[in-house]
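Below: one structure, written as structure tokens.
The numbers here are math on the coordinates, done by the rules we state, and not lab data. The structure presented is a predicted model; accordingly, all values stated were derived computationally and were not measured. Here the Cβ positions follow ideal geometry from the backbone for every residue, glycine too, while neighbour counts run over all protein chains shown.
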Amino acid sequence: MIQAFYSGAIGAQQQMKKMEIQGNNIANVNTYGYKNEQPAFGTLMYGMVNGVDGAQLPKGSGAAVLSAVNDYREGTLEETGKSQDYAIVGRGFFGLYDPATGEVSYTRDGSFALGSFQEPDANGVLQQVFYLTDGEGRQVLNVEGYPIQVTDPSAEQPVGVFEIQYQDGLLHAGSGRFLTSEESGQVYLSASEVRRGWLETSNTDLAGELGKVIEAQRAYSYALRMVTTADEVETTINNLAN
């Protein structure tokens, strides 16, 4: 089988993965705090072959999507007027604590809500306690890194903002949440301003993403054309041999 067949097949497969990433960006264009993802390509295993006049030419199987790189640039701020909405002006993330698993994650989506939890008091009697949550059971952390217990819903809550030393080391945990890893370094309190009654919109450029989808679709069709041409060439050669 000639190399063009493999290169074309791999190219088509990787363009499909690229379109999946761009489709996810488009699906989250209205998701608050969403950070746009871009596919990062890398070359597969390559070798060198002798060309004309001894020139060394690369020979391999094309490129592949290695990862999806997040664009952490800030989105525009939108005023909502809701008392439990918060937006970060500058760098940093809100901290979220999951009481069911102990997991701590980070997000730019500040569309919070009041969550009710049953907790024992000093005498072991269960009582209803309210926390500021992300609406999915995760509790928002304050400036000291502890869940925010709400006693006055009308008051501004001490929402903490945390910076990650190396943002490229964050792991995607959902459409707008991230987890730290060994590569993300230290987490520390940020001095960025928190604005109540505002939310940060997605930083996805819809027009740009649609253009990239068209580009990926064309690249996909060209890769399939390469596969078809390679198959026709091999069929012709096999027929000549007979």
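Which listed residue (L210, V125, L44) has the Cα farthest towards the positive end of the charge dipole for the chain, taking +1 on Lys and Arg C-beta and -1 on Asp and Glu C-beta about the Cα centre?
L44
To test your reading of the geometry: what angle, between 0 and 90 degrees and rounded to tens, separates the Cα axis of helix 206-241 from the longest principal axis of the chain?
Helix 206-241 sits roughly 30 degrees off the main axis of the chain.
Packing-wise, with mean Cβ within 10 Å as the measure, how do 185-196, 3-14 rank, highest first?
By packing density, highest mean first, the sequence is 3-14, 185-196.
Using Cα pairs closer than 8 Å and at least 6 residues apart in sequence, work out the relative contact order for the chain, in percent.
Result for the chain is 28 percent.
Find which of L66, T101, V233 sits farthest along the positive direction of the dipole of the chain, computed with +1 on the beta-carbon of Lys and Arg, -1 on that of Asp and Glu, about the Cα centre.
Final value for the positive-end residue is V233.
I'd like the distance separating the alpha-carbon centroids of segment 78-98 and segment 199-232, in whole Å.
The distance from the Cα centre of segment 78-98 to that of segment 199-232 comes to 34 Å.
Along the Cα→Cβ direction, 7 angstrom out, place labels at D205 and F41. What is the inter-label distance in nm?
1.9 nm
Over the alpha-carbon set of segment 72-195, divide Rg by the Kirkwood Rh and report the Rg/Rh ratio to two decimals.
With Rg and the Kirkwood Rh in hand, the quotient comes to 0.98.
Among S83, S184, S116, rank each residue by its count of other Cβ atoms within 10 Å, from fewest to most, as a rough exposure measure.
S116, S83, S184
Compute the distance in nm between two label points, each set 7 Å from the Cα along the Cα-to-Cβ direction, one at Y146 and one at M48.
So the two model labels end up 6.3 nm from each other.
If you place +1 on the Cβ of every Lys and Arg and -1 on the Cβ of every Asp and Glu, how big does the dipole about the Cα centre of the chain come out, in debye to the nearest 20?
660 debye
Just to be sure I understand, if you calculate mean projected area of the Cα convex hull in nm² for this structure, which of [x] 19.7; [y] 14.2; [z] 13.1 do you get?
Answer label, from the structure shown: [x].
Rounded to the nearest Å, what's the spacing between the alpha carbon centres of segment 7-25 and segment 27-43? Just the number, please.
Computed from Cα coordinates, the inter-centre distance equals 14 Å.
Consider just the alpha-carbon atoms of segment 1-111 and return their Rg together with their Dmax, both in angstrom.
21.8, 73
Of the options S184, I148, G135, report the single residue whose Cα projects farthest towards the positive end of the charge dipole of segment 119-242 (beta-carbon charges: Lys, Arg +1; Asp, Glu -1).
Among S184, I148, G135, the one farthest towards the positive end of the dipole of segment 119-242 is G135.
So if I place +1 on the C-beta of Lys and Arg and -1 on the C-beta of Asp and Glu, and nothing else carries charge, what would the dipole magnitude of segment 1-120 be about its Cα centre? I want it in debye, nearest 20.
480 debye
Could you rank the peptides 87-99, 126-138, 204-216 by their average count of other C-beta atoms within 10 Å per residue, with the highest value first?
Sorting 87-99, 126-138, 204-216 by mean packing, highest first, produces 87-99, 126-138, 204-216.
Specify whether the C-alpha gyration tensor of segment 136-242 places it in the rounded, prolate or oblate class, a ≥ b ≥ c being the square roots of the eigenvalues: rounded for a/c under 1.5, otherwise prolate if a/b is larger than b/c and oblate if not.
It is prolate, given that a/c is not under 1.5 and a/b is the larger ratio.
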